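Note sheet for the following structure.
Computed from the coordinates by the stated procedures, all read-outs in this text should not be read as laboratory data. Every value quoted in this text rests on a predicted model; they were computed, and no experiment measured them. Please note: Cβ atoms are built from the backbone with ideal geometry, for glycine as well, and neighbour counts cover all protein chains shown.
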Amino acid sequence: MSIASPAILADEIGKFMNHLFGLKVSATKIKSEEHVHPPAAVAIYTDGNDFVRGQIACDLRCVAILGAALTQIPMGAVADSLESGELSANLRANAYEVFNISVNLFSYRPSRRVVLSEVRFEQNAAPAELQSSWKRDAFQINIERYGSGHLQMIHRI
Amino acid sequence: MKILIVDDSKAMRMIVCRTLKQTDFSGFTVIEAENGIDALNKIASESPDLVLSDWNMPEMKGIDLLKRVRDSGNNVRFGFITSESSLETKALAHESGADFLVTKPFTAGSMQAALDPILT
């Protein structure tokens, strides 16, 4: 069964992350083609029937700053990850928690339970079962003191 | 006042603790547990005044921890801090004896609003 989900607004994402990190966060919608970096992490959200409800794909810079901002890890750890191309263990654990909490960006129907099913941490991580019925909205996320990265919200049209 | 924070994520335990310090409440000490079994042991040994628990944890879910606590006759004040926000979850928490449920991400204000009715 295919149920359309409403578009997630940039302001909504910014406010959500502001509450999560306690830092100033802005999200700006960008054209998908500007999202030039391949995803380094994809979070997949499913309902109780294992039906994929939504996905979040982040480039390496984005997933690193999301992880760092959660517990305010020094920016040097982000720089190290960007240089090596791999997330450190604590950045990865924190990013997982950010994705876990971000389930509420997809919980637009309180009667429908949505859970984080899986996070694929790998360069060029592929989203699950992308079809023509999916829409990608790309955002530039800017976090106070940590800079910016690109994030895609993938949801059903 | 002694507050037990139960979460398998060290980062989240730290954030809950930090947020508690940003509320108007003071004079509390925080103890931590990383899973349900650890929490049961600390509830028995430390007698916290309030338990703040995650919902989704490996080994023992938060709701099972609450049921174990209530089944033992312990009426410690108990709230969930969780990414779960469905009506089903909220109803189950309430029916099982939870005092409140705060949805992540939370702010000092939302934490204060949840704790005010039971701590003041």
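Please go through the residue pairs B:K21/B:K67; B:K61/B:K104; B:K10/B:K104; B:K61/B:K90 and name each one whose alpha carbons sit more than 22 Å apart in this structure. Walk me through the numbers before you get to the answer.
On the way: B:K21/B:K67 28 Å; B:K61/B:K104 17 Å; B:K10/B:K104 15 Å; B:K61/B:K90 14 Å.
Correct reply: B:K21/B:K67.
For the peptide A:89-99, the mean number of other protein chain Cβ atoms found within 10 angstrom of a residue's Cβ is 2. Taking 22 Å as R0, compute the FRET efficiency from the Cβ-Cβ separation of A:L23 and B:M14 and round it to 0.05. After rounding to 0.05, the efficiency reads 0.90.
Per residue of chain A, what 222 nm ellipticity follows from adding -39500 (n - 2.57) for every DSSP H run with n ≥ 4, rounded to the nearest 500? Could you put the intermediate results ahead of the total?
Numbers: 4 runs with 47 residues, N = 157.
-9000 deg cm²/dmol, from helical runs alone.
Site pair B:D49 and A:Q72 shows an inter-label distance of 2.6 nm when each label is modelled 7 Å from Cα along Cα→Cβ. The stretch A:40-86 and the stretch A:110-151 have their alpha-carbon centroids 8 Å apart.
What percent do you get for the relative contact order of chain A when only Cα pairs under 8 Å and 6+ apart count?
On the way: 304 pairs, mean separation 57.4, N = 157.
Taking the mean separation of contacting Cα pairs over the length of chain A, I get 37 percent.
One Cα centroid belongs to the stretch B:20-41, the other to the stretch B:59-105; the line between them spans 15 Å. Among the cysteines of the protein assembly as shown, those whose beta-carbon sits 4.7 Å or more from every other cysteine beta-carbon are B:C17.
Rounded to the nearest whole Hz, the Karplus-based 3J(HN,Hα) values (6.51 cos²θ - 1.76 cosθ + 1.60, θ = phi - 60°) of the stretch A:141-157 follow the sequence 9, 10, 10, 3, 6, 10, x, 10, x, 10, 9, 10, 9, 10, 9, 6, 6, with x at glycine and proline. Rounded to the nearest 20 debye, the dipole size of chain A about its Cα centre is 520 debye, using +1 on the Cβ of Lys and Arg and -1 on the Cβ of Asp and Glu.
Think of chain A as having a plus end and a minus end, set by charges on the Cβ of Lys, Arg, Asp and Glu; of A:G85, A:T71, A:A27, A:A27 sits farthest toward the positive end of this dipole. Adding -39500 (n - 2.57) for every DSSP H run of four residues or longer, then dividing by how many residues chain B holds, sets the calculated 222 nm ellipticity at -14000 deg cm²/dmol.
Taking a ≥ b ≥ c as the square roots of the eigenvalues of the Cα gyration tensor, the stretch B:60-120 is oblate, since a/c reaches 1.5 or more and a/b is not larger than b/c. Shape class for the stretch B:2-119: rounded, because the ratio a/c of the largest to smallest gyration tensor axis (alpha-carbon atoms, square roots of eigenvalues) is under 1.5. Inter-chain neighbour count for B:74-84: the average number of beta-carbon atoms from partner chains within 10 Å of each residue's beta-carbon is 2.
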